[in-house]
């Protein structure tokens, strides 16, 4: 058997002692930094948790803020606090955080440019949920799209059209267009304009319209129904009727009044002028 190589062992032991001494020396020199960093980490974690919980309760407890937006904003606050804590701890260790912050800023810019369309939809979704130009269950028209709102998300809004078709619309498309909300107000005005011949009895036509409005229980007494002459055309007198009703009764009332006016005018011997379109309010 060969004798152990004592010089090699001694050299290894010497190296280990040197490493331990260097570690102890580094620890003594940086003890203040380590203590400060540990204190900042503990205090930062506690403070971040407290602030994030407070923000979450404040946002979710606010009835004016949609739950989706409240959760989204509380998560942003939480992650922002964690980033601040991490940067502060690194600063205590003597790390130059300027380059890290610059790199994070560049990364955020690159991601923002890559997801420009998606982020615009998110921003529009947040604004829709905060401003609430429409809510779930309301009927809206925006551009060429109309329907009852089924769901409002951060990226898209889901609608159900009158013909039963499902439509998913990017939030940016809704936010950048004028939105007509047919359900927001409790009452709506319906207007019907019918062209009749000049030879017909104008007073009888107006009286018949008012009688039909008074006979329908869906027509509100206030504001009172009004019959009027809308215009004098080349071939016809345009006789109009304006009534107010509850928003939920608008569609059924418009159908009923159109039909009853036609039948009553036929019974009175009045002639709805041909070649002149009768005007009415939108179908919804």
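Since every read-out is calculated from the coordinates, none of them should be taken as a lab result. Everything numeric here is computed off the predicted structure, so don't read it as measured data. FYI the Cβ positions are ideal-geometry reconstructions off the backbone, even for glycines, and counts take in every protein chain you see.
Number of residues in segment 141-176 that are exposed (fewer than 14 other Cβ atoms within 10 Å of the Cβ) and in a strand (DSSP E or B): the value is 3. Exactly one residue out of 242, 264 is in contact with a strand residue (DSSP E or B) (Cβ under 7 Å, 6 or more places away or on another chain), outside any loop (DSSP other than H, G, I, E, B) and touching a residue at least 40 places away in the same chain (Cβ under 8 Å), and it is 242. Listed conditions (1) out of contact with any helix residue (DSSP H, G or I) (no Cβ under 8 Å at 6 or more places or on another chain); (2) closer than 23 Å to residue 161 by Cα; (3) surrounded by 17 or more Cβ atoms within 10 Å (Cβ to Cβ) are all met by residue 182, apart from (1).
Select from segment 195-220 the residues that are in contact with a strand residue (DSSP E or B) (Cβ under 9 Å, 6 or more places away or on another chain) and in a loop (DSSP other than H, G, I, E, B) and write down the one among them that is farthest from residue 266 (Cα to Cα). It comes out as 220.
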